[in-house]
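The structure under discussion appears below in the form of structure tokens.
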Amino acid sequence: MADRSIIKKKARRKYGVTEKNMDILAEINEIANEYVGDVNLKLDDTFDSLDFDSLDVVQIAMAVEKKYGIKFPDKIEAKTVGDLVKMVEELTK
């Protein structure tokens with residue numbers, strides 16, 4: 001497995017994300033692993049490409065809400081993992 005710091009540097013360069021975003025991504029990845037099994041999420045992954053069904057997404061979103069003490073809108077418009085990360089960052093400012 002690649003060193004996490006190297007992965008973070010590459011993602012920051014490619015997506016212009018912050019250290020906080022990468023930490024959120026790591027947390028969402030851990031949560032997703034609890035619900036759907038072994039996955040390695042990337043910011044540009046779509047939920048469809050990951051074969052997540054709507055229940056998977058709802059369970060992950062609810063766990064993220066609980067973890068961060070936030071509340072997502074009733075309809076989550078996130079199409080990619082990166083969209084979800086951005087939503088969490090915005091709601092935790």
With a cap of 12 neighbouring Cβ atoms within 10 Å, and only residues DSSP puts in a loop, list the GluC sites (Glu not before Pro) found in the range 12-89. Glu77
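Where does the charge balance sit around Lys66 when Lys and Arg score +1, Asp and Glu -1, over other residues with C-beta under 15 Å from its C-beta?
On the way: positive: Lys67, Lys71; negative: Glu27, Glu30, Glu34, Glu65.
Residues close to Lys66 contribute a combined charge of -2.
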At 10 °C and 1.306 mPa s, grab the translational diffusion coefficient of the range 29-71 from Stokes-Einstein with a Kirkwood Rh over Cα pairs, rounded to a whole number in µm² per second. 148 µm²/s
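FYI, it's all coordinate maths here, none of it is from the lab. Everything quoted here is computed from the prediction, not taken from an experiment. A quick note on method: Cβ atoms are made from the backbone with ideal geometry, for glycine too, and the neighbour counts reach across all protein chains shown.
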